[in-house]
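Quick notes on the structure that follows.
The values are calculated or read from the model by the stated rules, or taken from the named source; none is laboratory data. On a predicted model such as this, the values are computed, not experimentally measured, just so you know. Backbone-built Cβ (ideal geometry, glycine too); neighbour counts: all protein chains shown. Areas reflect the complete protein model, heavy atoms only, side chains present, ligands, DNA and RNA absent. Shrake-Rupley method; radii C 1.70, N 1.55, O 1.52, S 1.80 Å.
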Amino acid sequence: MPKHYRPAGKKKEGNAAKFVTRTQALRLLQINLPLFRKLCILKGITPREPKKKFKGNDKTYYHVKDIAFLHHEPLLEMHRAIRVHERKIKKAEAKKNVERANRLREKTPKPKIDRIIRQRYPRFVDALGELDDCLTMVHLFATVPAIEDKKIGVDLVTECRKLAHYWQAFIARTHRLRKTFVSVKGIYYQAEVEGQTITWLTPHALQQVVPDDVDIPTMLNFLQIYQPLLSFVNFHLYHSINLKYPPMLDPELEALALEIYALIRYAHANNKPTIPETSQLVEPEQLESKLDAPEIQNKKSELRLAQLQHQLPSNEPGALMNLVEKAAGEDGEEYDEETKQCKNLFQNVKIFLSREVPRESLLFVIPAFGGMVSWEGKNAPFAESDQSITHQIVDRDAQGHRFLSREYVQPQWVFDCVNARIILPTENYMVGRIPPPHLSPFVDYDEEGSYVPEYAKTIKHLQAAARKEVLPLPGVEKDLEDPQNLLAEGIIDRAAANQAAKEKQKLMVLEKQYHEDLKKELQGDTYTSEGSTIKDKTSTEVIHTGESMKVDTAMLISRKKRKLLEAMEISNKRKQNKYDTIIQRKKKLDEAQNQSS
């Protein structure tokens with residue numbers, strides 16, 4: 001009998017005992033595939049990749065412990081109860097018992113996600129670290145239209161919009177915004193909250209169309225856990241700055257899709273609200289539950305009608321800024337240096353937004369960096385005729401009346417000032433001109449081998465001038481002939497620095513050979529008249545010797561390190577080719593512009 005013989009039907013070993021396929025998991029849990037996917041999304045269970053796929057490469061594998069974790073999940077029993085309850089509703093509808101069907105539909109059990117959030121995120125820092133996808137998903141559903149066929153209701157869109165506004169209000173109030181970038185996909189934001197860097201994407205303020213090839217049920221499953229997660233995070237952050245959450249809104253204004261103005265009223269009425277007790281937080285939910293069914297139905301119909309008429313305030317001003325207007329004036333808080341710099345960026349700037357400008361993003365960015373902003377409409381902080389306005393953001397050349405005391409700039413000026421952390425000159429952003437390239441703050445231009453645009457160099461000099469720093473002269477306290485120092489100071493570009501480094505290396509070889517010839521002459525050795533030819537030959541021999549030494553070194557190292565070295569050389573060559581391609585394109589573009597001019 002072989003040593004490792006195992007009779008059939010005995011205990012499994014190895015990967016077969018640690019992993020199961022998705023089909024086996026469905027049989028163990030006795031559920032269907034959509035419910036299994038939903039449970040995996042809510043519990044954060046992902047497929048695994050075993051070293052040996054014992055059932056084939058076309059199977060999806062899960063760990064046995066993860067499936068056992070799902071087997072004892074109370075949420076699984078809740079969904080089974082919901083399925084039984086849905087069968088009762090269908091049975092009542094089949095018997096044409098409308099009253100019983102409506103009564104059962106109102107008493108449908110709803111799963112609670114708060115326990116799952118506490119399990120997945122035991123610390124608040126863990127929740128902040130996983131907030132990127134959460135914010136992106138919530139901001140996405142805050143702009144989509146309500147479609148009942150795809151189970152995107154009006155209440156869902158309204159709740160996502162409120163959560164997004166609450167989050168942006170906190171970021172603007174605490175001046176935690178760090179970077180912004182406007183792209184084709186939308187607007188990227190990056191904030192720093194309690195040491196965690198959070199990046200999210202918001203769609204443009206346009207009418208969104210839900211395509212048919214998007215898996216909406218899967219996105220709704222993610223949203224089912226993202227909504228309470230963001231609500232818990234907002235609750236903790238608002239209480240950390242001594243603000244009550246959620247804000248108490250006027251029910252009439254909320255029913256008329258005017259929660260923006262309800263937030264304005266709340267901000268003016270509560271300058272420094274105290275932290276509420278638990279009973280006070282539950283009070284609005286109890287009041288809502290006491291409302292009659294016809295009143296709730298009327299409010300839902302009014303919300304639906306307002307959205308169909310495009311009156312929902314997805315891009316309406318006021319809520320974000322006025323919610324934090326009073327609290328932003330407190331001086332008793334301590335900020336770090338970066339937050340102070342962000343808070344004082346637009347301190348002496350007063351901006352007015354024209355009607356054609358996308359106001360929601362600007363009303364979020366400008367107050368986050370300490371600026372005052374207004375718009376054209378009701379309940380605006382100040383009118384367009386205010387003489388203290390320093391800048392007016394416009395996006396079209398036709399202006400009826402121009403004020404000489406202010407500057408008219410394009411919206412890109414605000415985002416570029418935020419990324420550069422200085423007030424940029426407005427000559428290049430005047431109305432009717434082609435603005436400079438909108439540089440991404442997420443790209444590190446100081447990385448070796450990267451292409452540095454001309455406008456990035458200009459911004460670097462403007463930043464040095466704003467800090468009242470004088471750039472050191474070349475050669476002062478540094479080697480004038482060092483190309484790396486010249487490159488770091490922005491005197492030459494990277495291609496010129498590489499060329500200068502090669503020439504410097506050749507000169508060093510020739511200088512070394514010259515000193516050796518002088519030593520030989522002092523020692524009495526014969527000196528030929530073909531000194532220059534000997535130097536050239538010697539330098540060539542030295543270069544060939546260096547290449548041979550490089551080959552010998554590559555042969556001496558291990559295979560793993562040699563492969564790593566080759567990969568590094570290929571990566572550097574790819575970066576250099578990309579850099580050369582960008583330089584050639586820039587030269588062609590400059591030549592075309594010169595010919596056209």
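Numbers at a glance
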read-out: Members of the stretch 417-432 found to be open to solvent by 30 Å² or more (accessible area, probe 1.4 Å) and within 21 Å of the chain's Cα centre (by Cα), listed by number; value: ASN419, ARG421
read-out: Neighbours by Cβ (under 8 Å, 6+ apart or cross-chain): first from the stretch 575-586, under 13 Å from SER450 (Cβ atoms); second modelled with pLDDT of 85 or more and in a helix (DSSP H, G or I); value: none
read-out: Helices (runs of 4 or more DSSP H) contained entirely in the stretch 49-144, each with at least 1 residues that are touching a residue at least 60 places away in the same chain (Cβ under 8 Å); value: 114-120, 124-129, 131-141
read-out: All positions within the stretch 39-48 that are in a helix (DSSP H, G or I) and of a type in the set (A, V, I, L, M, F, W, C); value: LEU39, CYS40, ILE41, LEU42
read-out: Residue that is modelled with pLDDT of 90 or more, over 17 Å from the mean Cα position of the chain (by Cα), among the aliphatic types (A, V, I, L, M) and more than 30 Å from ASN242 (Cα to Cα), where the choices are ALA146, ALA101; value: ALA101
read-out: Qualifying residue in the stretch 5-17 (condition: among the hydrophobic types (A, V, I, L, M, F, W, C) and open to solvent by less than 40 Å² (accessible area, probe 1.4 Å)); value: yes
read-out: Matching residues in the stretch 178-209 - criterion: being among the aliphatic types (A, V, I, L, M) and open to solvent by 30 Å² or more (accessible area, probe 1.4 Å); value: VAL182, VAL184, LEU201, ALA205, LEU206, VAL209
read-out: Verdict on LEU345 being at pLDDT 85 or above and part of a loop (DSSP other than H, G, I, E, B); value: yes
read-out: Test: residue in the stretch 51-65 that is open to solvent by less than 30 Å² (accessible area, probe 1.4 Å), modelled with pLDDT of 90 or more and of a type in the set (Val, Ile, Thr); value: no
read-out: Filtered residue count, the stretch 83-107, keeping only those that are of a type in the set (A, V, I, L, M, F, W, C) and loosely packed, with under 14 Cβ neighbours inside 10 Å; value: 3
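Results for (1) within 22 Å of the chain's Cα centre (by Cα); (2) surrounded by fewer than 19 Cβ atoms within 10 Å (Cβ to Cβ); (3) of a type in the set (A, V, I, L, M); (4) modelled with pLDDT of 90 or more, shown as yes or no for each residue.
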residue	(1), (2), (3), (4)
GLU376	no, yes, no, no
PRO381	no, yes, no, no
HIS391	no, no, no, yes
ASP395	no, yes, no, no
PHE403	no, yes, no, no
ARG406	no, yes, no, no
PHE415	yes, no, no, yes
ILE434	no, yes, yes, no
